[in-house]
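Accompanying notes for the structure given below.
The values are calculated or read from the model by the stated rules, or taken from the named source; none is laboratory data. The model shown is predicted, which means the values in this text are computed figures rather than measured ones. Every residue, glycine as well, gets a Cβ built from its backbone with ideal geometry; the counts of neighbours run over all protein chains shown. The area values use the complete protein model at the heavy-atom level, side chains included, leaving out ligands, DNA and RNA. Shrake-Rupley method; radii C 1.70, N 1.55, O 1.52, S 1.80 Å.
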Amino acid sequence: MFNKQESFDILTEKKMIILAKNDSFEGFNQLEKALGSDLKNLSDEPFTSIFTFGKISAGKIGLVNADALNDKKKKKDVFKAIANLKEDAILLLDSFDDEHITELIEGVYTAAYKFNKFKSKDENQTALLSYYGKDAHASSIHEGIVLAEAINHTKELINTPYNYLNAKAL
């Protein structure tokens, strides 16, 4: 689900760009300038999708209200919104506070979980979610992915019927 993207330019990126409303992040200020809009005061929703109307290469921007990541319910809404995106997107980790990166990765990964083991085909293909950020975030990213995979594996065990996963098979 998550792939690291090695290079990034905010004005030429074609994928949907997801970032936190954060004035101290230079990319946020570049976007405001390129779009000619005050993004910080645009919406108080936990997650807002904005069409760029050709002002930059990305067709949409996803803005995460940084304050929403401190509220349990709003945080889950953000994770679900990102996990349910239909188009490929890139998550700009440098725009988020360091303490939120692990839970952001874990939350999006677990929110994207679907139990499709016994379905004939997956009718909804999940979008590719890439991330870009400093190498200093590597341990937080790894921790979030490991926790999410453990949670999703547990969900897989719980959702598997007993006649397929009995004590002997377990």
Pairs with Cβ under 8 Å, 6+ apart, first in the range 6-35 and over 16 Å from residue 88 (Cβ atoms) and touching a residue at least 12 places away in the same chain (Cβ under 8 Å), second small (Gly, Ala, Ser) and open to solvent by 50 Å² or more (accessible area, probe 1.4 Å): 11/57
Does residue 9 satisfy being surrounded by fewer than 21 Cβ atoms within 10 Å (Cβ to Cβ) and over 23 Å from residue 127 (Cα atoms)? no
Among the numbered criteria (1) farther than 23 Å from residue 137 by Cβ; (2) in contact with a His (Cβ under 6 Å, 6 or more places away or on another chain), which single criterion is violated by residue 117? (2)
When the residues of the range 96-116 are filtered to those that are in a loop (DSSP other than H, G, I, E, B) and more than 17 Å from residue 134 (Cα to Cα), which remaining residue is least open to solvent (accessible area, probe 1.4 Å)? 112
When you go through (1) among the charged types (D, E, K, R); (2) over 28 Å from residue 21 (Cβ atoms); (3) touching a strand residue (DSSP E or B) at 6+ places or on another chain (Cβ under 6 Å) one by one for residue 168, which number turns out not to apply? (3)
Matching residues in the range 40-65 (within 19 Å of the chain's Cα centre (by Cα) and outside any loop (DSSP other than H, G, I, E, B)) number 10
Residue count, the range 10-31, condition part of a helix (DSSP H, G or I) and in contact with an Asp or Glu (Cβ under 9 Å, 6 or more places away or on another chain), comes to 3
Do you know which residues across the range 76-116 are of a type in the set (D, E, K, R) and more than 11 Å from the chain's Cα centre (by Cα)? 76, 77, 86, 87, 94, 97, 98, 99, 114
Within the range 22-40, is there a residue that is more than 21 Å from residue 127 (Cα to Cα), open to solvent by 80 Å² or more (accessible area, probe 1.4 Å) and of a type in the set (Phe, Trp, Tyr)? no
When only residues in the range 117-166 that are small (Gly, Ala, Ser), surrounded by 10 or more Cβ atoms within 10 Å (Cβ to Cβ) and assigned to a loop (DSSP other than H, G, I, E, B) count, which is nearest to the chain's Cα centre (by Cα)? 127
Within the range 72-95, of all residues that are open to solvent by less than 50 Å² (accessible area, probe 1.4 Å) and in contact with a Leu (Cβ under 6 Å, 6 or more places away or on another chain), the one nearest to residue 130 (Cα to Cα) is 89
